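The values are calculated or read from the model by the stated rules, or taken from the named source; none is laboratory data. Values in this document were obtained by computation on a predicted structure and should not be read as measured data. All Cβ positions, glycine included, derive from the backbone under ideal geometry; neighbour counts span all protein chains shown. What goes into the accessible areas is simple: the full protein's heavy atoms, side chains included, and nothing from ligands, DNA or RNA. Shrake-Rupley method; radii C 1.70, N 1.55, O 1.52, S 1.80 Å.
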Amino acid sequence: MEIPKAYSPKEAEDKILALWRKSDFANPDTCVKKGVTKEDAKPFSIVLPPPNVTGTLHMGHAAMLAIEDILIRFHRMQGYKTLWLPGTDHAAIATESKVEQTLYKTEGKTRHDLGRPEFLERVEQFAKESHDAILHQIKKMGASLDWSREAYTLDEERNLSVRTAFKRMHEGGLIYRGNRIVNWDPKMQTTVSDDEIEWKEEKASFYYLQYGPFVISTARPETKFGDKYVVMHPKDKRYKQYTHGQKIELEWITGPVTATVIKDEAIDMEFGTGVMTITPWHDTTDFEIAERHNLDKEQIIDLKGKLLPIAKEFAGMHITKARPLIIQKLQEKGLVKKIDENYVHRIATNSRGGGIIEPQIMRQWFVDVNKPFTFPHAGFKSVKKGELISLKDLMARVVKKKEIEILPKRFEKTYFHWIDNLRDWCISRQIWFGHQIPVWYRELKTEKKIGFHENVVPQVFAGKTKTYRLRDHEFEIGDKVLFENSQQREIFGGGEITNIQITTVEKIDLKDPLHGTTYKRQDELIAAFKRHYPERKVTSKTEVFVYTYRLIAGKDGQELFVGTETPKGERWTQDTDTLDTWFSSGLWTFSTLGWPEKTKDLKTFHPTSVLETGYDILFFWIARMILMTTYLVGQVPFKTVYLHGLVRDDKGRKMSKSLGNIIDPLDMITKYGADATRLSLIIGAAPGNDIKISEDKVRGYRNFVNKVWNISRFLAMNTQDFTSKRKPVLSASDKKLLNDFSKLTKEVTKNIGFFRLSQAAETLYHYTWHTFADKIIEESKKLLENQKTRASRQYVLLTIFADLLKLLHPFVPFVTEELYQQLPVKNRKESLMIEQWPV
RNA sequence: GGGCUCAUAGUUCACUGGUAGAACGCUUCGUUGACAUCGAAGAGGCAGUAGGUUCGAUUCCUACUGGGCCCACCA
């Protein structure tokens, strides 16, 4: 048979893809069934970071697919029970935003014009088409994923996982509904998480305003209407004549106000005049100051960005329009002291295609990351069952104790730093596309009390009187106490508690939630308590009470139900909000394996072996997976995190439409083949470092692939007469070649094992081209002419090449498979991908 | 403001406590039977600057300079 002079990836790749699809060795069950993998083989599993259904495959995806496929093929060939599980992400806010934009452009309609059901239908339609396109692209890369297990964050099974997760975290008191300051996007009309905010710098005017005896400064005068607190640092000598709580009458934007002096250490004395007024409703720092001092909070701007009646004559105006008018008025009143025109203002924008963020205090659902809870799972290395720990500490601990290894190591620092700054995670969104929050409400018709939520929380009260104080509230044992929502949260760490029953320790089971131990005596409990709350003063006279609290009804006289299915009974309506897309992504390693069912897959493949992704989603995704998985499953989601860099153009710039420097992986595959595309993303890429890529680079590796092809061609032409029946007597130099190759094998194996894929690929590249082709084959030309040395040399060439194909296979699966199928080896298997890795 | 990271050949990047490596590019020559998607030979680096540790530093440490990235509530 005539072998073409050059390798043609186009023809070969489709043929090989068909072969792989048919043989189905990406499915570990098939491998076991066909005797490729032992039933009790060690598992090796990776879940594919699910690409967004909105997108098309870009070079970043291609790099991810190449890296993971190498790891997967390598382990499969080594005999592991190997699973690489594919799926896609609905990417709630990004997808919805995209569809909304298209809808507006083509039909001039908003989602509200269509209504929820019809709008969602459109989104699903779009997602479906996009999904098919991206799947096609993934397959083209040669990714040996097990498509029989494909998952989608929004399919029925994942939906159940999400609802179950929500329910369990709520039961555990780690999900609560509360009024807190959140990032509100007035354009998309939804909240946005802290991590999805993109800060942009903008030149703005900076105003110095006379506020009674003080000069305050602001870039946002439109928020200043409600300012009735003036804050300064307690140690600021310039203002020592003012005392905390002092009232000052002054003239302000729309008339006289009474200002109250507040001393707080959050103030930077160096900045401006060292005095500021606060707007707790629309600024995070201000909110926290107000919380500390129990100050009033007042909304100034509505959810559409318009001023509320508090702004008097400016009410109803959009803030951007009102700003110059407010300044004009202040100028007329002589309250503007100075305007700095060169101020650089940092504005928060919604990175998922939304508008400028306006902080608002809103009632939303949150994950409580600080509340200590009793760890419910046994068999976990770094946390004991019954141990009291917060989600935040849990996340830090599993990495600190090396249950999860992050590569490259430097990202561990970044990870810890992020955790230190972590606040409660707002998980509710007001968009429509996503998992609707599994909470149902209904009005209470009677005062019927419904048990909903029980928990046990230890609390220390000093003193012996029968009345106890909690914050500003007094109550006695057995009292039913109604708390303001924002206050009780700190004490109980979540939930919507309207009714509290206090019981002394003697009256209930003395189960110490600190350690899950039951204490018979109060002093034992106190001792345990002291260990966990060293900052609280506990003396021998302190009484420790454990009280139970029970939610009788939701706050607004509503009954509330949290569960995986619509509750029985009438008049229930489901919460209209949807969950942050990362909530479902956080479950990905186990929701894809069938959780909450106790499936065989879950048992076999979880924790997964490696999580491989770009470092840009360390916080969004990896951190959240660790949070959700440790709590819900009691396992780490993965043992190793391998982070690759971002793919950039040859000048190191991000690829973007506006720069016109996007290299489409599919184009590269069409032009140079998938193998070359893969290699170009592997070689020269150190873990965690950005990868620069250019068409030239891909072209270079196409040449390499062709080189491999021609080596095989040479062998085919020169070994036709070789009979593999008997091993010939080998010359010393031939033995040495085999020995050298064995060293190479060890080196490559070691490097892949340590995730040094670039190193492994380079070594192979170099050996294949400059040793095997340039040296060994060149010298073989003579040896093959000599009948004395011919057989030995043929044997050596074929033996090395057969194994070389195996070593190369994870990196360049197509050409190696194609050549393997042509190779005259004995016992050829159905596919190279199930050949045994050389040792 | 805090943190991380990079600086090595024209370019992109590795390895390494012992007087520097690869790929691409470049130069010259060669090659019509494995491959021009090729081969051989070659040019090209005071390893950002200044110190320190060391018998010895490109490698370890410190400072500086200049890039890049991430985080942060300076109103």
Cα gyration tensor of region A:160-260, axes a ≥ b ≥ c as square roots of the eigenvalues: rounded (a/c below 1.5), prolate (a/b > b/c) or oblate? prolate
Between residue A:230 and residues 5 or more places away or on another chain, which pairs have amide H atoms under 5 Å apart, with H built 1.01 Å from N, and which residues are they? A:260, A:261, A:262
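Quick one: pull the percent of accessible area on chain A belonging to carbon and sulfur, 1.4 Å probe, ligands and nucleic acids left out. Mind dumping the intermediate values first?
On the way: 19120 of 37950 Å².
Solvent-exposed carbon and sulfur of chain A make up 50 percent of the total.
Cβ under 11 Å from residue A:197's Cβ, residue A:197 left aside: what net charge do those residues give with Lys, Arg +1 and Asp, Glu -1?
Taking every other residue near residue A:197 into account, the sum is -2.
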Hey, can you rank A:746-754, A:336-344, A:226-234 by average C-beta count inside 10 Å, highest first? A:226-234, A:746-754, A:336-344
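Just how large is the dipole of region A:631-718 about the Cα centre, in debye to the nearest 20, putting +1 at every Lys and Arg Cβ and -1 at every Asp and Glu Cβ? Before the final figure, lay out each step's value.
Working: 14 positive and 8 negative charges, 18 e Å.
Here region A:631-718 has a charge dipole of around 80 debye.
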Computed about the Cα centre, the charge dipole of chain A from +1 Lys/Arg and -1 Asp/Glu charges at the Cβ has a magnitude in debye, to the nearest 20, of 2460
Which listed residue (A:618, A:334, A:197) has the Cα farthest towards the positive end of the charge dipole for chain A, taking +1 on Lys and Arg C-beta and -1 on Asp and Glu C-beta about the Cα centre? A:618
Surface accessible to a 1.4 Å probe, per residue, for the residues of chain A, Å²: 45
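Going by the alpha-carbon gyration tensor, a ≥ b ≥ c the square roots of its eigenvalues, is region A:225-291 rounded (a/c under 1.5) or, if a/c is not under 1.5, prolate (a/b greater than b/c) versus oblate?
Details: a/c = 1.74, a/b = 1.17, b/c = 1.49.
It is oblate, given that a/c is not under 1.5 and a/b is not larger than b/c.
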What dipole magnitude, in Debye to the nearest 20, does region A:353-449 give about its Cα centre under +1 on Lys/Arg Cβ and -1 on Asp/Glu Cβ? 340
Quickly rank A:669-676, A:378-385, A:123-130, A:55-62 as a protection proxy: mean count of other C-beta atoms within 10 Å, highest first. A:669-676, A:55-62, A:123-130, A:378-385
Amide H of residue A:175 versus every other amide H placed in the peptide plane: which residues, excluding those fewer than 5 positions away on the same chain, fall under 5 Å? A:170, A:368
Hey, rough spin-label estimate for residue A:689 and residue A:18, points 7 angstrom out along Cα→Cβ, what's it come to in nanometres? 4.2
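Provide the net charge surrounding residue A:756, with neighbours chosen by a C-beta distance below 13 Å and charges set as Lys +1, Arg +1, Asp -1, Glu -1.
Details: positive: A:750; negative: A:747, A:762.
After counting each charged neighbour, the total is -1.
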Span-like helix ranges in chain A, DSSP H, alpha carbon extent 30 angstrom or more, Kyte mean at least 0.0: A:787-808
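Is region A:771-839 rounded, prolate or oblate when judged by the Cα gyration tensor, a ≥ b ≥ c being the square roots of its eigenvalues, rounded requiring a/c under 1.5 and prolate requiring a/b larger than b/c? Kindly include the intermediate steps, with their values, before the conclusion.
Details: a/c = 2.58, a/b = 1.86, b/c = 1.39.
Prolate, because a/c is 1.5 or more and a/b exceeds b/c.
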Using +1 at the Cβ of each Lys and Arg and -1 at the Cβ of each Asp and Glu in region A:621-742, identify which of A:663, A:634, A:693 lies farthest towards the dipole's positive end. A:634
Taking loop as defined by DSSP and a crowding limit of 16 other beta carbons within 10 Å, which GluC sites (Glu not before Pro) in region A:784-826 fit? A:785
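Using only the alpha carbon atoms of region A:689-804, find the Kirkwood hydrodynamic radius as the inverse mean reciprocal pair distance, in angstroms to one decimal. Show your work: numbers first, answer last.
Details: mean 1/r = 0.0643 Å⁻¹.
When all Cα pairs of region A:689-804 are included, the Kirkwood radius is 15.6 Å.
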Checking rank on A:644-653, A:412-421, with mean other Cβ inside 10 Å and highest first, the result is A:644-653, A:412-421
Working only with C-alpha atoms, what are the Rg and Dmax values of chain A, expressed in angstrom? 32.8, 110
Search the structure for amide H atoms under 5 Å from the amide H of residue A:386, placed 1.01 Å from N in the peptide plane, and list their residues when 5 or more places away or on another chain. A:375, A:377
Once Lys and Arg get +1 and Asp and Glu get -1 on their Cβ, which of A:208, A:244, A:439 lies farthest toward the positive end of the dipole of chain A? A:439
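For every helix of n ≥ 4 consecutive DSSP H residues, a contribution of -39,500 (n - 2.57) applies; sum these over chain A, divide by its total residues, and give [θ] at 222 nm rounded to the nearest 500 deg cm²/dmol.
Numbers: 25 runs with 300 residues, N = 839.
So the helix-based figure for chain A works out to -11000 deg cm²/dmol.
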